[in-house]
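Worksheet for the structure shown next.
The values are calculated or read from the model by the stated rules, or taken from the named source; none is laboratory data. These numbers come from a predicted model, not from an experiment. Neighbour counts are summed over all protein chains in view; Cβ atoms, including those assigned to glycine, are modelled from backbone coordinates with ideal geometry. Each accessible area value is taken on the protein alone, full model and side chains, heavy atoms only, with ligands, DNA and RNA left out. Shrake-Rupley method; radii C 1.70, N 1.55, O 1.52, S 1.80 Å.
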Amino acid sequence: MCTMFLYQKRPPTTDWSFEQKQIMFESIVILDFGSQYTQLISRRIRELGVYSQIIPFSTPAEKIKEFNAKGIILSGSPYSVYQKGAPKPDNGIFSLGIPVLGICYGMQYITNTMGGVVQRSKQREYGRAEVEISCKSPLFRDMCGDARHTVWMSHSDRIERIPAEFEIIASSANSPVAAFQHTTRPIFGLQFHPEVSHTVEGMRILGNFIQRCNVTQKWNLGEFIDTAINDIKSTVGEDLVIGAISGGVDSTVASVITQRAIGNRLKLLFINNGLLRENESEEVMAVFKSMQLNVRYVDASGVFLNRLKHVTDPEKKRKIIGKTFIDVFEKYASGKAFKWLLQGTLYPDVIESTSHIGPSQTIKSHHNVGGLPSRMRLKVLEPLRLLFKDEVRSIGGILGIPGHILSRQPFPGPGLSIRILGEINKQHIDILRKADRIVRTEIEKSSFSATLWQYFAVLLPVKTVGIMGDERTYENVVAIRAVNSSDAMTADWSRLPYELLDKLSSRIISEVVGVNRVVYDISSKPPSTIEWE
Ligand code: XMP
């Protein structure tokens, strides 16, 4: 068992039917036994310039060859190898002649299946550990300068006896078998996690494994674009494709790449819900035009704002906006000859949804176009489904998408509606837009914008007393939110300098009519959230 104390337990991936077209890059495949670090292994391999794919642990060995696999990594798992229902791969993988690296559970599985002994242990080992390595292993090439290395351990079972024909190549005080290798075949095991940044030489170890795999072809995003364009051409044929574009990174990159493949047979809708930031619709439409995208501008702000009248409950707001989005989308898309729906789904979404989303499946629901009615029967086209976010940004750069689009801070689908607490009306939207523009402009002028995850203004549904000149005022309060985060799962409030906060406050109070007080949000997530609603 390789316990992950930081995250919730998740099941191993069992059931993706791999209809998706196999990409022809040489790859390292990762058999997923359910570790929360599986995606991280895949990212690390790609950072080392080699294409990696996560596939179900049960994938038959014969099928693995079709992935153009040059190496196989067995991931960690929340299971114990002795446990009932513990995931087991096809043992044919050890006879393919392809190097295999087992990490944590992966190593324990190799031990168990090849005649060694894995012992249940009540004592878990979690955190940093020092290991002593053997220089003669190709896994530890160029690491012999230091006898001891810091690694990250996260397991409770341990290996008591290694299988015959294996040798120990690293050990720590708590794990006498911290790493092993077969004496003649390219099979390796690591009890610790090389993919976690606390394992100081982790990238070097993974790089050494890749070298042992003889991967000759580098993962090249420029080539990926060509492959993806050909793939879209052959998948879609002469059909028409429709998609919604928001101006966010994913939908813009997905649209540009599809447009390169099928030209104006891609029709895009930009739906203005009346809840966008100041000048946002004009700015993104200008970018779409410069990219020669076939975008139809739909001003649906009236219907959105009408349906939101007098609604104050945050969840109701979201539901109304989601439903209205679908209604508007359907009005423009249904009855026409569209066969495909373009979506900017990324690799983490594919991995996280254990239910398979393939190119030929009729759409059920999605976080962006949440639940189109089944009568629309569109097939899903997801050209970015094999990419991580940073790779999508790089591809966007290669495709010539302007930098300010690629580096945009996340903006929620429900837009300003979840930053106006209480009732949404034209006046509230105007006040928030002006305050938000000042927050964005001043922070972007400072050196802070590059380090922040998100920064914006929030309009509170309270009025407070103030004094302007000789006059008593009774006006609205604006809160400023600025957070640091790496993935929005957790976030810390940003320690912006007083001078910058002072500038934001003075400008908002003097320039935005209807606001006489500004406060700074100093709550972190958890227990708060980034957005206020
Ligand atoms: P919270 O407020 O949950 O937000 O800490 C985490 C991240 O998600 C964004 N967010 C949304 N994005 N639709 C979206 O597309 C939504 O309904 C939504 N709610 C929150 C938020 O801006 C932050 O980046």
When both residues are 6+ apart or on different chains and their Cβ atoms are under 7 Å apart, which pairs have a first residue that lies in region 503-515 and is β-branched (Val, Ile, Thr), and a second that is open to solvent by 50 Å² or more (accessible area, probe 1.4 Å)?
VAL512/LYS434; VAL515/GLU475
Please work out if MET489 is open to solvent by 30 Å² or more (accessible area, probe 1.4 Å) and away from the ligand (no atom under 16 Å from the Cβ).
no
Among the listed residues LYS323, LYS336, LYS331, LYS364, identify the single one that is modelled with pLDDT under 60 and either aliphatic (A, V, I, L, M) or open to solvent by 20 Å² or more (accessible area, probe 1.4 Å) (or both).
LYS364
For the subset of region 394-417 comprising residues that are within 16 Å of the ligand (Cβ to nearest atom) and surrounded by fewer than 20 Cβ atoms within 10 Å (Cβ to Cβ), which member is farthest from GLY274 (Cα to Cα)?
SER407
Is it true that ASP470 is at pLDDT 95 or above, open to solvent by 10 Å² or more (accessible area, probe 1.4 Å) and more than 16 Å from the ligand (Cβ to nearest atom)?
no
Please go through region 201-234 and give me each residue that is closer than 18 Å to PHE140 by Cα and of a type outside the set (A, V, I, L, M), ordered by number.
GLU201, GLY202, ARG204, GLY207, ASN208, PHE209, GLN211, ARG212, CYS213, ASN214
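Scanning region 418-442 for residues that are within 16 Å of the ligand (Cβ to nearest atom) and not basic (Lys, Arg), which turns out nearest to VAL303 (Cα to Cα)? Lay out the reasoning, then the answer.
Restricting attention to region 418-442, the residues satisfying the condition of being within 16 Å of the ligand (Cβ to nearest atom) are 418-421, 424, 432, 436, 439-440.
Adding the requirement that they be not basic (Lys, Arg) leaves 418, 420-421, 424, 432, 436, 439.
Values: ILE418: 17, ILE420: 18, LEU421: 20, ILE424: 13, LEU432: 20, ASP436: 24, VAL439: 29 Å.
The qualifying residue nearest to VAL303 (Cα to Cα) is ILE424.
Count, please, the residues in region 492-506 that happen to be surrounded by fewer than 15 Cβ atoms within 10 Å (Cβ to Cβ) and either more than 16 Å from the ligand (Cβ to nearest atom) or at pLDDT 95 or above (or both). Before the answer, list the steps.
Within region 492-506, the subset surrounded by fewer than 15 Cβ atoms within 10 Å (Cβ to Cβ) is 492, 495, 497-499, 502, 506.
Checking which are either more than 16 Å from the ligand (Cβ to nearest atom) or at pLDDT 95 or above (or both) leaves us with 495, 497-499, 502, 506.
Adding up the residues that qualify gives 6.
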Would you be able to say whether some residue in region 507-523 is touching a Phe, Trp or Tyr at 6+ places or on another chain (Cβ under 7 Å), more than 21 Å from ILE424 (Cβ to Cβ) and either open to solvent by 20 Å² or more (accessible area, probe 1.4 Å) or more than 16 Å from the ligand (Cβ to nearest atom) (or both)?
yes
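Report yes if ALA479 is surrounded by 20 or more Cβ atoms within 10 Å (Cβ to Cβ), modelled with pLDDT of 95 or more and away from the ligand (no atom under 12 Å from the Cβ), otherwise no.
On the way: surrounded by 20 or more Cβ atoms within 10 Å (Cβ to Cβ): no; modelled with pLDDT of 95 or more: yes; away from the ligand (no atom under 12 Å from the Cβ): yes.
It is false that ALA479 is surrounded by 20 or more Cβ atoms within 10 Å (Cβ to Cβ), modelled with pLDDT of 95 or more and away from the ligand (no atom under 12 Å from the Cβ).
Please work out if LEU372 is open to solvent by less than 30 Å² (accessible area, probe 1.4 Å), at pLDDT below 95, under 17 Å from TRP219 (Cβ atoms) and not in a helix (DSSP H, G or I).
Spelling it out, it is not the case that LEU372 is open to solvent by less than 30 Å² (accessible area, probe 1.4 Å), at pLDDT below 95, under 17 Å from TRP219 (Cβ atoms) and not in a helix (DSSP H, G or I).
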Quick one: VAL287 ticks every box in (1) among the β-branched types (Val, Ile, Thr); (2) open to solvent by 50 Å² or more (accessible area, probe 1.4 Å); (3) in contact (Cβ under 8 Å) with a residue 60 or more places away in the chain bar one, so which box is it?
(2)
ILE110 touching a residue at least 40 places away in the same chain (Cβ under 8 Å) and either open to solvent by 10 Å² or more (accessible area, probe 1.4 Å) or among the acidic types (Asp, Glu) (or both)
no
